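Have a look at the structure below before the remarks.
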Amino acid sequence: MNWRSERIWIELITGSRKISNFGWAFILFLGSLGFFLVGTSSYLGRNLISLFPYQQIIFFPQGIVMAFYGIAGLFISSYLWCTISWNVGSGYDRFDRKKGIVCIFRWGFPGKNRRIFLRFLMKDIQSIRIEVKEGIYTRRALLLYMEIRGQGAFPLLRTDENLTPHEVEQKAAELAYFLRVPVELK
């Protein structure tokens with residue numbers, strides 16, 4: 001949900017709580033659990049999973065490798081589930097023309113710097129920049145940045161939002177019009 005008026009523009013940023021992340025974390029968990037159980041059943045000499053008889057998988061070297069891949073997958077899966085539960089990357093962008101301030105807030109990983117809060121003056125914003133990046137498989141990605149005087153460029157749009165080039169250009173034009181700065185193409 002985004003909110004916009006004449007003087008204030010608030011844009012909510014979705015973090016890691018996306019359907020695709022839930023799907024990948026679930027699939028990775030099930031697959032790595034399966035690998036771990038097959039490796040463990042070959043070590044114990046008992047069928048922990050009825051689909052794979054333990055006699056077909058010798059513990060050394062296949063069982064060890066499967067158990068190792070299972071443990072590694074469980075660690076990666078737990079990392080994904082933690083980022084989902086902490087909602088890393090979520091937050092908001094707030095552009096306030098009345099006060100002349102831009103506030104950018106994001107949630108990070110737990111710790112001392114979990115809350116990422118940046119504040120800029122609108123007069124320090126030089127431009128809104130659209131950057132075109134060519135991918136390996138000829139897929140073009142349009143990235144949206146806010147160019148700030150003395151501090152460089154700050155990314156505004158995530159690359160995984162799957163917006164069409166026209167939508168990215170339209171969003172850049174609307175934001176530049178709201179902030180009263182030019183749009184640069186790089």
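The values are calculated or read from the model by the stated rules, or taken from the named source; none is laboratory data. Quick caveat, the model's predicted, so the values are computed rather than measured. Positions of Cβ are generated from backbone atoms using ideal geometry, with glycine treated the same way; all protein chains shown enter the neighbour counts.
Identify the single condition in (1) touching a Gly at 6+ places or on another chain (Cβ under 7 Å); (2) assigned to a helix (DSSP H, G or I) that Gly89 does not satisfy, given that it satisfies every other one.
(2)
Any idea which residue in the range 1-57 is nearest to the chain's Cα centre (by Cα), counting only those that are hydrophobic (A, V, I, L, M, F, W, C) and at pLDDT below 85? Give the derivation first.
Filtering the range 1-57 for residues hydrophobic (A, V, I, L, M, F, W, C) gives 1, 3, 8-10, 12-13, 19, 22, 24-30, 33, 35-38, 44, 48-49, 51-52, 57.
Among the residues that remain, those that are also at pLDDT below 85 are: 1, 48-49, 51-52, 57.
Details: Met1: 18, Leu48: 36, Ile49: 34, Leu51: 36, Phe52: 36, Ile57: 38 Å.
Among those residues, the one meeting the criterion is Met1.
Given the conditions (1) touching a residue at least 12 places away in the same chain (Cβ under 8 Å); (2) exposed (fewer than 12 other Cβ atoms within 10 Å of the Cβ), report the number of the one that Gly152 does not fulfil.
Result: Gly152 passes all but (1).
Looking at (1) outside any helix (DSSP H, G or I); (2) touching a Leu at 6+ places or on another chain (Cβ under 9 Å), can you tell me which one Arg17 breaks?
(2)
Please determine whether any residue of the range 109-130 is without any contact (Cβ under 8 Å) to a residue 40 or more places away in the chain, in contact with a Pro (Cβ under 9 Å, 6 or more places away or on another chain) and either under 23 Å from Lys186 (Cβ atoms) or assigned by TED's automatic domain parsing to the domain that holds Trp24 (or both).
So in the range 109-130, the residues without any contact (Cβ under 8 Å) to a residue 40 or more places away in the chain come out as 109-121, 123-124.
Remaining after also requiring in contact with a Pro (Cβ under 9 Å, 6 or more places away or on another chain): none.
No, the range 109-130 contains no residue that is without any contact (Cβ under 8 Å) to a residue 40 or more places away in the chain, in contact with a Pro (Cβ under 9 Å, 6 or more places away or on another chain) and either under 23 Å from Lys186 (Cβ atoms) or assigned by TED's automatic domain parsing to the domain that holds Trp24 (or both).
Can you tell which of Asn87, Asn2, Asn47 is polar (S, T, N, Q) and in contact (Cβ under 8 Å) with a residue 24 or more places away in the chain?
Details: Asn2 fails: in contact (Cβ under 8 Å) with a residue 24 or more places away in the chain; Asn47 fails: in contact (Cβ under 8 Å) with a residue 24 or more places away in the chain.
On inspection, the qualifying residue turns out to be Asn87.
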